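Derivation of every value follows stated rules applied to the coordinates shown; laboratory data play no part. Note that the structure is predicted; figures quoted are calculated from it, not measured. For neighbour counting, all protein chains shown are included, and Cβ atoms are generated from backbone atoms with ideal geometry for every residue, glycine included.
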Amino acid sequence: MPCGHLAELGIVAAQGREGLKNLLTIIADEKDERLPIDARASLIVLAAQLQALQMMIGSIEKRIIAQHRASEESRRVATVPGIGTLGASAITATVTDPSAFRSGRDFAAWIGLVPRQDSTGGKQRLGPISKQGDRYLRRLLVVGAHSVLRRAKQNPEKYPWLAQLLARRPFKVVAVALANKMARVAWALLAKGGTYRAPVLAAA
């Protein structure tokens, strides 16, 4: 990446798209004397590869958005907080027949978002999640859950039930539990129709 090479020359920028844009501008500006001629020649090649990759990604994103908008199922699944366009498109493309799963729990288990069950002395213990099944969907759901939980920490009054969970359990544990719930809700929407409705917090 150009960022690392420029940093070696003492040229840095903020993280994110704007920072990268600034660095690409420096590389393209032949009047900027901070870059030696040979370094600029090499970095121009890397910058061109990066810009070509960005164009390809942009083209793919447009296709995904178009497919999402054309799919009634994908639009309904996207109403689940944390799933979004990319997650909804991936789920609906993968789950073409929701009846292949008996329940939302079976779907979550297929993705690998339910705890492994270990039995000892007649007692059942729930361990870490199995991480079996569709790794890509699992990653999308867990990342989406992290996003929802960050919003819940900033605005607990809007997510009271999540705020209560976060007060009792570690962040990562709650994130996996939320991803599990998101998977179950997504299956229910595909199997039974409708759109997402936020849970109502029971009175204390």
remark   = Ranked on Cβ counts within 10 Å of their own Cβ, fewest leading, H68, H146 go H146, H68
Rg/Rg_ref, the range 72-192, where Rg_ref = 2.2 N^0.38 Å and atoms are Cα = 1.08
task = List, largest first, the extents of the alpha carbons of the range 2-65 along their principal axes, each in whole Å.
result = 41, 22, 18
query = Say the dipole of the chain comes from +1 at the beta carbon of Lys and Arg and -1 at that of Asp and Glu; which of I60, A145, L6 then lies farthest toward its positive end?
reply = A145
remark   = Given Cβ charges of +1 for Lys and Arg and -1 for Asp and Glu, the option among G104, V80, V173 whose Cα lies farthest towards the positive end of the dipole of the range 72-192 is V173
key: Lysine pairs within the chain, Cα separation less than 19 Å, 8 or more sequence positions apart or different chains   = 8
Kirkwood hydrodynamic radius (C-alpha pairs) into Stokes-Einstein, the chain, 10 °C and 1.306 mPa s, D in µm²/s = 79
